[in-house]
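*Asks:* Sending over a structure as structure tokens; questions will come in a sec.
The values are calculated or read from the model by the stated rules, or taken from the named source; none is laboratory data. Bear in mind that the values here come from a model prediction, so they are computed numbers and not experimental data. Don't worry about glycine lacking a Cβ; one is built from the backbone with ideal geometry, like all the others, and counts go over all protein chains shown. The protein model used for the area step is the full one, side chains on, heavy atoms only, and it has no ligands, DNA or RNA in it. Shrake-Rupley method; radii C 1.70, N 1.55, O 1.52, S 1.80 Å.
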Amino acid sequence: MNRPSNRKKMTMPYLILAILVLLIIIFSYFPYRKDIRAAYQRLEAIERQTFQTACGPIEAAIRGQGEPVLISHGIAGGFDQGLGLAEAHLSEGMQAIAVSRFGYLGTPLPENASPATQADAYLCLLDALNLDKVTVLANSAGGTSAIQMALRHPDRVKALVLVSSAAPATAVETIALPPKPVIQAVFGSDYLMWLITTKFQTMMHATVGVPKGYSLSEADQALVSDLIRSILPIQPRQAGFVFDMFTSNPDMDQHPQAYPLEELHVPTLIISAVDDPLAKYENARAMAERMPNAQLYTFPSGGHLLLGSGDTARLEIAKFLEALASPQSSD
């Protein structure tokens, strides 16, 4: 006679939990619909083009006049993140070519997608734009394909600027990734990502590379918050996110023979913060030491986003590129 009673006691907490989840969904639905509609509208309002190239369609937004700079964005990005990188890191007199990498927004993910084929696709885009040489500016996960471009097509790369970039690991790192179906589900759901980025934003600080215990200023807090919200909508970025996490990011460690950095002679500026929790400083330093023509600029703090050091980073990039353009550098 006790069994039915025990079953009721066991099911009651689950029933309460189900009701709570249902209430959360009901009360969050309308704010979600408003915010996600605004996110899609923001994205649609940004001028960009889809170029038909020998490597397939490639989406890019082009801004400004002057020396062309191809921008290879980080994970969860797209041309819109590339434009943000251009605004943060490029000075006047530069033309930003903000590409959506494989699987992001309007650039499809090909079956043979890899950092090497992404590098070849950059070349196809340059051909479509009738550009001979460009500077390549890469951030975070975008560094892998940028390095591949400099290795595979050095005659088309004037200079390489790597900001908080992926780099070969100096020590064996065992990172247990969640099952791919879980990542595909979470990062394919606009609703789940809206819920995380609006209701649990502090939890995302580590994800975007804010060092543990780092004291955010008001300006830092605004920058981090804007960046976290900028990944919405996530659904049209899902394929690229999964590609980066499971293919692009581990590629340098899984296939070190494809990254003979000692043979990379393109002038390179590497910018890294000592306390970057995502792109480790020791990896950046070792990468700079392996490249024959690389400079390393170090920030003592600021994490993956170089918090508080944006103006200095922009100035150092400008100085690096101006030095390459000077008559002495061409002698």
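*Asks:* Got a number for residues in segment 69-107 being in a loop (DSSP other than H, G, I, E, B), open to solvent by less than 30 Å² (accessible area, probe 1.4 Å) and either of a type outside the set (Gly, Ala, Ser) or on the phi > 0 side of the Ramachandran plot (or both)?
*Replies:* Looking only at that region, the number is 9.
*Asks:* List every residue pair whose Cβ atoms sit under 7 Å apart, with the two residues 6 or more apart in sequence or on different chains, where the first one lies in segment 170-183 and is farther than 17 Å from Met252 by Cα and the second, anywhere, is of a type in the set (A, V, I, L, M, F, W, C).
*Replies:* Lys180/Val242; Lys180/Phe246; Ile183/Val242; Ile183/Met245
*Asks:* For residues that are open to solvent by less than 30 Å² (accessible area, probe 1.4 Å) and within 20 Å of Leu269 (Cα to Cα), tally how many sit in segment 116-135.
*Replies:* 4
The rows are residues; the columns are (1) open to solvent by less than 10 Å² (accessible area, probe 1.4 Å); (2) at pLDDT 95 or above.
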residue: Leu137; (1), (2): yes, yes
residue: Ile147; (1), (2): yes, yes
residue: Lys158; (1), (2): no, yes
residue: Ala171; (1), (2): no, no
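*Asks:* Given the conditions (1) closer than 21 Å to Gln148 by Cα; (2) open to solvent by 10 Å² or more (accessible area, probe 1.4 Å); (3) outside any strand (DSSP E or B), and given that Gln295 satisfies all but one, which numbered condition is not satisfied?
*Replies:* (3)
*Asks:* Among the candidates Ala185, Ala116, Ala150, Ala166, which residue alone is assigned to a helix (DSSP H, G or I) and in contact with an Asp or Glu (Cβ under 9 Å, 6 or more places away or on another chain)? Explain how you work it out, then say what you get.
*Replies:* On the way: Ala185 fails: in contact with an Asp or Glu (Cβ under 9 Å, 6 or more places away or on another chain); Ala150 fails: in contact with an Asp or Glu (Cβ under 9 Å, 6 or more places away or on another chain); Ala166 fails: assigned to a helix (DSSP H, G or I).
Result of the check over Ala185, Ala116, Ala150, Ala166: Ala116.
*Asks:* Among the candidates Leu125, Leu160, Leu131, single out the residue that is part of a strand (DSSP E or B) and either in contact with a helix residue (DSSP H, G or I) (Cβ under 7 Å, 6 or more places away or on another chain) or in contact (Cβ under 8 Å) with a residue 24 or more places away in the chain (or both).
*Replies:* One residue alone meets the criteria, Leu160.
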